[in-house]
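The values are calculated or read from the model by the stated rules, or taken from the named source; none is laboratory data. All values derive from a computational prediction rather than experimental measurement. Calculation scope for accessible area: heavy atoms of the full protein, side chains included, ligands and nucleic acids excluded. Shrake-Rupley method; radii C 1.70, N 1.55, O 1.52, S 1.80 Å.
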Amino acid sequence: MYSQIREMWDLFLSPNQVESLNASQVLLTLTVATVCGLAIFMVYRYFYKGVVYSVNFNVLILMVCVVTALIIVTIGANLVLTLGMVGALSIVRFRAAVKDPLDVGFLFWAVSAGLTAGARLYPVALLGTAFIAAVYIVLTAARIERRCYLLIIRHTPEADDAVAALLEPLKARVKNKTAAKDAYEITAEVRVRRGDTSFIEPLRQTGGVESVTLVEYTGDYA
């Protein structure tokens, strides 16, 4: 009877451990997660092409990666904490709106890197982070190579044919044309390679053209 009570007391003081953890293992896991998080941080910092760059969100990405790894390490080491964390995380509500859909991808990237690092799949975490970073950089470079702009031209009715002739070589797609009493305003979509905006000067010098405005268009309205 006494031995059974003692066994229950020992179990109460020391929950069932799936595997023992030491400081070196935890430190290695957190180091790998931090390296992956820093890589994601740098990619977001230098290659992000969204509407507004947020420093706080970028720091959050790094924290999510490390915290996720710490949670996975704890869950893998203690069955009791596994149930507790599942219950605690199930009541968490994230109410902050994500303005750019691309930010969701970065969050999933940070969570996946933290999961693999926390599961001690260090090569998977490092190679996976490097591969996703390379793919994103390549896609971003291809996007920069040929940018989309909105060309807004305000001109008199007499200059309508001249403006149309200048827009034809640019393969511009007219999105909107507003006619007032004494002026027309055309909004056209043009694609520019390597920032070449030399076509603006001929338009500006055309007789009857009052103003020419070029705005980069990414399809984002946030």
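Could you please put Leu167, Leu107, Leu115 in sequence from largest to smallest accessible area, using a 1.4 Å probe?
Largest accessible area first, the list is Leu115, Leu107, Leu167.
How big is D, in µm² s⁻¹, for segment 131-172 by Stokes-Einstein at 25 °C and 0.890 mPa s if Rh is the Kirkwood radius over C-alpha pairs?
Value of D from the Cα-based Kirkwood radius: 185 µm²/s.
Length gain on complete extension for the stretch Val111 to Glu210, per 0.36 nm per residue less the alpha carbon to alpha carbon distance?
Gain on extension, Val111 to Glu210, equals 30.4 nm.
By how many nm would the segment from Ala183 to Arg120 lengthen if fully extended, with 0.36 nm per residue of separation less the alpha-carbon distance?
16.0 nm
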